[in-house]
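S.K.: Pasting a structure here, questions to come.
Every number here is computed from the coordinates shown, using simple stated rules; none is lab data. Everything numeric here is computed off the predicted structure, so don't read it as measured data. A quick note on method: Cβ atoms are made from the backbone with ideal geometry, for glycine too, and the neighbour counts reach across all protein chains shown.
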Amino acid sequence: MVNAMNGDFHQNFTRFFLTLGILKPQEKSKQPMTFQSAIKEGAIHRLMPRTGLEVIVSDYSFHQEHQMNISTVEPMVEIGFCLQGTREVHIANRQYEVKAGTCTLQLIEQVEASFLFKKEESYHMVGIGIPVSTFNHYMEKINGNNGASINFSTVLHGSCYRLFQEEINPLDMGMVKQLLEAIATNRMTNLELESMTLQLLKRTFQTFFPPPTNPVEFSQGDRAKLVQAQAIMIENMMTPPSLMELSRLVGLNDFKLKKGFKEMYGTTVFGYLREKRLEKAFYLLQNGTMNVMEVANAVGYSNPSHFAEVFKAKYGLTPRDFIRYRS
């Protein structure tokens, strides 16, 4: 299993590109790869910000219906954001459909796959590929002591392929669009690309495999008070109460408040507040009607340097860099 976990999954992408008809399926280039066949048009960006991480930006279409058969050579995990086009794939006598507007998580063993592309349909996708060992590492970190129960093998459970799919949430869509703009204009360093793709990986894993909670110690009344505490923090984002003030407001002692909030929302009270502040800041910056200082104040950060620091830690770019790329 060690070889399977650490094998060169990049070969899977190389084989896919060769079968698809890429002129030169190079591994490291800032220039898009083009096709050598007249039945399709478009291009693919293939980027490797570091070893064990591959980012694929695909934008192409076929002039006629096209079927393509390939086999993978190494197990791997891939998350994808399908922005346009619906693609069908047949694996192990089962049909799967990747729909436009969805985020997917694919766990892939060594399989035979058949892809069906429709005539005159544009396919625009962003894919992030990682080896099995990286997926297992993330599962262990996300799920803490319960990480041993969720890994590549247990999720597959004897199958050769698993597909998880749901609509792309607005925050991830914004990050993907930002990523595409930066790649198209060649304005993103490898470090920035790595940071943003790792954020998307983590968010996707948490979407499909949320951290476990154990709320059995709390009554229905306690849980209602915790929901009330969450609402108070959001409503008072600019000037939030202290933990002791919040405890008095909802009628829970500070121990139950801290422990219950962590179990219900997966983070501390102020960790949750920080996430919601940054999500709101992202939307305000994306909207483009406010400058960085105004956004920082609107979400409760009086120190713009601290705001820039926590924003970059989450999204991989400072607020000013984000505005520049968006523009």
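S.K.: What number, in percent, do you get for the relative contact order of segment 2-208 if the mean sequence gap of Cα pairs under 8 Å and at least 6 apart is divided by its residue count?
M.R.: This gives 21 percent for segment 2-208.
S.K.: With a cap of 14 neighbouring Cβ atoms within 10 Å, and only residues DSSP puts in a loop, list the trypsin sites (Lys or Arg not before Pro) found in segment 149-245.
M.R.: R187
S.K.: If we count every other residue with Cβ under 12 angstrom of K276's Cβ, Lys/Arg +1 and Asp/Glu -1, where does the sum land?
M.R.: Here the charged neighbours net out to +1.
S.K.: Show the residues, 5+ positions off or on another chain, whose built amide H is closer than 5 Å to the amide H of K40.
M.R.: Those lying under 5 Å, H to H, from K40 are H63.
S.K.: Short version: ³J(HN,Hα) in whole Hz for each residue of segment 38-51, in order, from phi by Karplus 6.51 cos²θ - 1.76 cosθ + 1.60 (θ = phi - 60°), x for Gly and Pro, what are they?
M.R.: 7, 8, 9, 9, x, 7, 9, 8, 10, 10, 10, x, 7, 4
S.K.: Could you list the chymotrypsin sites (Phe, Trp or Tyr not before Pro) in segment 183-283 that lie in coil according to DSSP, counting only those with at most 11 other Cβ atoms within 10 Å of their Cβ? Mind dumping the intermediate values first?
M.R.: Numbers: sites: F205, F208, F218, F255, F261, Y265, F270, Y272, F282, Y283; in loops: F218.
When the chymotrypsin sites (Phe, Trp or Tyr not before Pro) of segment 183-283 are filtered for loop state and at most 11 Cβ neighbours within 10 Å, nothing remains.
S.K.: In addition: Report, in debye and to the nearest 20, how large the dipole of the chain comes out about its Cα centre when Lys and Arg carry +1 and Asp and Glu carry -1 on their Cβ.
M.R.: 640 debye
S.K.: Given the -39500 (n - 2.57) contribution per DSSP H run of 4+ residues, what per-residue ellipticity at 222 nm results for the chain, rounded to the nearest 500 deg cm²/dmol?
M.R.: On the way: 13 runs with 149 residues, N = 327.
Result for the chain, helices only: -14000 deg cm²/dmol.
S.K.: A further question on this structure: How far, in nm, would the chain grow between A100 and T19 when pulled straight, counting 0.36 nm per residue and subtracting the alpha carbon separation?
M.R.: On the way: separation 81, 0.36 × 81 = 29.16 nm, distance 2.30 nm.
Working it through step by step, the gained length comes to 26.9 nm.
S.K.: Using all alpha carbons of the chain, what is the percent of pairwise distances in each 20 Å bin, ordered from the shortest bin to the longest?
M.R.: With a bin width of 20 Å, the distribution comes to 28, 53, 19, 1.
S.K.: Now, a different point. Can you find, among L18, Q230, M264, the residue sitting farthest towards the positive end of the charge dipole of the chain, where Lys and Arg contribute +1 and Asp and Glu -1 at Cβ?
M.R.: Q230
S.K.: In addition: Among L116, M68, Q31, whose Cα lies farthest out toward the positive end of the dipole of segment 8-145, if unit charges sit on the beta carbon of Lys, Arg (+1) and Asp, Glu (-1)?
M.R.: Q31
S.K.: Separate question: Mind pulling the angle between the C-alpha long axis of helix 10-20 and the longest principal axis of the chain? Nearest 10 degrees, somewhere in 0 to 90.
M.R.: 50 degrees
S.K.: Using +1 at the C-beta of Lys and Arg and -1 at the C-beta of Asp and Glu, which of G101, S58, S195 has the Cα lying farthest in the positive direction of the dipole of segment 2-208?
M.R.: The residue sitting farthest along the positive end of the dipole is S195.
S.K.: What are the ³J(HN,Hα) couplings of segment 300-308, residue after residue, when phi is run through the Karplus curve with 6.51, -1.76, 1.60 and θ = phi - 60°? Round to Hz, x for glycine and proline.
M.R.: Those phi angles translate into x, 9, 7, 9, x, 5, 5, 4, 4 Hz.
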